Amino acid sequence: MPSYYGLHVAGRPPLRMGRSVLSTLPKADGQVGKLRRVNNLRHIRFRLACLVNSYYDHNMSQRQQHKSETRGRIVGSAIRHMKTQGLSAASVSDIMARAGLTVGGFYAHFSSKDALADEAVRCAVGERRKMFLDRFEGLEWNDRIGSALREYFTKMHRDDPANGCPLSMAALEAAQNQSMRHAFVDEFARFAEAMQNGNDAYHPAAPREAAIGTLALMVGGMILARAMKGHPISDEILAASCAFGTAAVQDLASRSAKRRTKKRRRR
């Protein structure tokens, strides 16, 4: 057996290794195998860490979704109480029971009943405002307000407060409960702005007195009509409020049109 092996790389002189060098090759192979096993172990650990993080993120997402859904059920229950029986008279246990939940879970979502009342008013009136904007989009302001009046002052709306506009009941609640007043004032102002400007920048805005006056007529008229439900005067209130409001809106629209015509002539 020769004393060395010739290892040749193209373009380079042969590399000669003695027996002592060759004897270390199995050890080197062992070291390479060990490094490969270490790298494989690191890869496995990395994959496991990714799986654990993914599982944790998924569970966190599910928990957050569940918490959000539960909070929505509590707010929905509070809104139903506010629209039908009044929120001030309802206890936390009443609200949670109507949502199908236990009282113990309430404080995981709200610091107090007042905090829930604030969110319930904002959510209920905000949803109604969005419905108003979507339903009467693209109409002139007098048509927008007139259509809202005709849909509002109906027997069906009077007799189904649970699915109706929350403004009338929220106004009564805000008058009795100071903690709800700030939310109600904010949402009433936003609703008045929506009634004034609509959802269309291409049409002229309504006079502010038309928006404020219409909302005041709606809230007060519906409170009276529900207070006298079952008596013929309740139906009269609905009809009279709608007729009076429509006539007032048309009168304001006519006067606004005349003012615009005068301005154009002066130019």
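What follows is calculated from the coordinates using simple rules that are stated; it is not laboratory data. Keep in mind the model is a prediction, meaning the values are calculated, not measured. As a convention, Cβ positions derive from the backbone with ideal geometry for all residues, glycine included, and neighbour counts pool all protein chains shown.
A few remarks follow.
- Ranked by how many other beta carbons lie within 10 Å on average, peptides 74-83, 244-253 from highest: 74-83, 244-253
- Inter-probe distance in nm under a simple model that places probes 7 Å from Cα toward Cβ, at SER88 and GLU140: 4.3
- Long pairs among LYS130/LYS229; LYS113/LYS155; LYS83/LYS130, criterion Cα-Cα beyond 24 Å: LYS130/LYS229; LYS113/LYS155
- Only Cα pairs under 8 Å and 6+ residues apart enter the sum, and on that basis the relative contact order of region 83-224 stands at 32 percent.
- Net charge of the neighbourhood of GLY138, taken over other residues with C-beta under 11 Å away and scored Lys/Arg +1, Asp/Glu -1, is -3.
- About the Cα centre, charge dipole magnitude for region 198-260 (Lys/Arg +1, Asp/Glu -1 at Cβ), debye: 240
- The HN-Hα couplings worked out from phi for region 194-200 by the Karplus form 6.51 cos²θ - 1.76 cosθ + 1.60 (θ = phi - 60°) are 5, 5, 6, 9, x, 10, 9 Hz, whole numbers, x standing for Gly and Pro.
- Region 162-190 versus region 95-151: alpha-carbon centroid distance in Å: 10
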